[in-house]
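*Asks:* Before anything else, here's the structure in question.
What follows is calculated from the coordinates using simple rules that are stated; it is not laboratory data. Everything numeric here is computed off the predicted structure, so don't read it as measured data. So basically every Cβ, Gly included, is an ideal-geometry build from the backbone, and we count neighbours across all protein chains shown.
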Amino acid sequence: MKKITLRTGKERSLVKRHPWVFESSVARGGGDSGETVRVESADGAFLCWAAFSPQSQIRLRAWSFDEAERIDAAFFQRRIAQALAMRARLAVASDAVRLIHGEADGLPGLIVDRYVDTLVAQFTSAGVERWKGVIADALLAATGLTRLYERSDAQAREWEGLPVQTGWLRGEGETAITIREHDWRLTLDVAQGHKTGYYLDQRDSRRRFADAVKQYGCQTVLNCFSYTGGFSVAALAGGAGQVVSVDSSGPALERAKAHVALNGFDAARHEAWDADVNATLRRCLAEGRRFDAIVLDPPKFAPTAAHAERAARAYKDINRLAFMLLNDGGLLYTFSCSGGIAPDLFHKIVAGAGLDAGVDGYIVERLSAAADHPQTVRFPEGDYLKGLGILRR
Ligand code: SAH
């Protein structure tokens, strides 16, 4: 077993059971890509078993802090069983569920979503890449399913020096799938959709949005960064009369239109605008359009904390415009999925946007990822998705 020795004092995060060690903390030692290594402090004390990433800034990701634990097939079977047991205790209102959520499930770099009878996995660290075959077999054995599609095309692969890999890892067949979410039906393609096919993390917020649209009597809704129209279907279900989906992806908007029909809503109640959100918000303002509810669910503007400042300006700008486009008493559902923007910073950004717009609002909802995308106490980076529901005063 290869040994890695950390610099003096650099064991601090591991002692707190945080699973990452950065390149600059390593004094001596190395390994092959994804190889299991023994990590020791400068004075030779055992810290953890970890996967070595020769190319990543995150040089080590801890598998286990238990010196007696072996990192073998049984280890992965145990971690997967634990993750599935946690999901089994949740009342997820869908047949599409995140089964493995990386660090939070003790499997750094592994994402697994189940869409009805199909598993979709992203292997984004050298460690899980090395154990891919073992993990794939363990996932199928634990779920009793036979199909596993690989979507290892996330940007994080690049930082690990791993090539893009997509396609069936186990089983084969149709990649188009229809899921049920709450009372709605939604379609996706695991080969072509964003991430693993759909944004499951917003499931609970889509439900709350439907309820809020109903409760506050919102008639006109602007769904920005709509992707395939999940929040648009929610708005229609909540009784909105007129809903606009805005996205820069044509195929996503085609699916949004199909979702309106699939869920039995009149196509006349929905418009799909293939456009840039920023330009659209400015155009609506210039044209004097106003809405009773606006959703802002942008992509990750700040992949890491280093991008936070520029991202903060971008978030502030769209939120300022949205505040100005809301009717009095209107509802803003605004999100950030940037790990580099902490919830309190996001709150400050939205506050600044309101100030610039000359608008105040009541915070009526604090939103986060659905519970099958768990956060753990030891891994604050897991708190990536945050949102606020705000009623304009
Ligand atoms: N709200 C969606 C998920 C949104 S993901 C849901 O509930 O499923 C972010 C979306 O923003 C993606 O669909 C992407 O195509 C779109 N997007 C990214 N930049 C954009 C831009 N500048 N203008 C419009 N859409 C954009």
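*Asks:* Taking a quarter of the surface of the convex hull around the Cα atoms of the chain, what do you get in nm²?
*Replies:* Numbers: hull surface 76.2 nm².
Across all orientations, the chain yields a mean hull projection of 19.1 nm².
*Asks:* Starting from the Cα-Cα distance between Q192 and M1, subtract it from 0.36 nm times their residue separation and give me the gain in nm to one decimal.
*Replies:* Extending this stretch completely gives an extra 64.7 nm.
*Asks:* Could you tally the net charge around V120, taking each other residue with its Cβ under 12 Å from the Cβ of V120, Lys/Arg +1 and Asp/Glu -1?
*Replies:* Computed value for this residue: +1.
*Asks:* At 7 Å along the Cα-to-beta-carbon direction for both D360 and A268, put a label point, then send me their distance in nm to one decimal.
*Replies:* Taking the simple label geometry, D360 and A268 are separated by 4.2 nm.
*Asks:* May I pose another question? Per residue of the chain, what 222 nm ellipticity follows from adding -39500 (n - 2.57) for every DSSP H run with n ≥ 4, rounded to the nearest 500?
*Replies:* My calculation for the chain gives -9000 deg cm²/dmol from helical runs alone.
*Asks:* Another question, then. Could you state the per residue volume, in Å³, of the convex hull enclosing the Cα atoms of the range 1-142?
*Replies:* On the way: hull volume 14.9 nm³, N = 142.
In the range 1-142, the Cα convex hull volume per residue is 105 Å³.
*Asks:* Further question on the same structure: Would you mind putting 303-315, 331-343 in packing order, based on average other-beta-carbon counts within 10 Å, highest first?
*Replies:* Packing proxy ranking, top to bottom: 331-343, 303-315.
*Asks:* Next question, about the same structure. Report the trypsin sites (Lys or Arg not before Pro) located in the range 1-73 that are in a DSSP loop and have at most 14 other Cβ atoms inside 10 Å of their Cβ, or state none.
*Replies:* For trypsin sites (Lys or Arg not before Pro) across the range 1-73 that sit outside H, G, I, E and B with at most 14 neighbouring Cβ atoms in 10 Å, the list reads R7, K16, R17, R70.
*Asks:* Quick one: among R283, R207, R366, which has the greatest mean-square fluctuation in a GNM of the chain with alpha-carbon springs under 10 angstrom?
*Replies:* R283
*Asks:* Taking 4 °C and 1.567 mPa s as the conditions, I'd like the Stokes-Einstein D for the range 227-337 in µm²/s, using the Kirkwood hydrodynamic radius from alpha carbon pairs.
*Replies:* Here the translational diffusion coefficient equals 88 µm²/s.
*Asks:* Please list, in chain and number order, the residues 5+ apart from Y149 or on another chain whose amide H is under 5 Å from its amide H, with Hs placed from the backbone.
*Replies:* Distant-sequence amide H within range of Y149: L119, V120, A121, L169.
*Asks:* Give the percent of DSSP beta bridges with both residues in the chain that are antiparallel, rounded to the nearest 5.
*Replies:* So the antiparallel bridges amount to about 65 percent of the total.
*Asks:* Here's another thing I want to ask about it. Compute the normalised compactness of the range 199-392: alpha-carbon radius of gyration over 2.2 N^0.38 Å, N being the residue count.
*Replies:* The range 199-392 yields a ratio of 0.96.
*Asks:* Measure nothing fancy, just the Cα-based angle from helix 277-286's long axis to the longest principal axis of the chain, in degrees from 0 to 90, nearest 10.
*Replies:* 20
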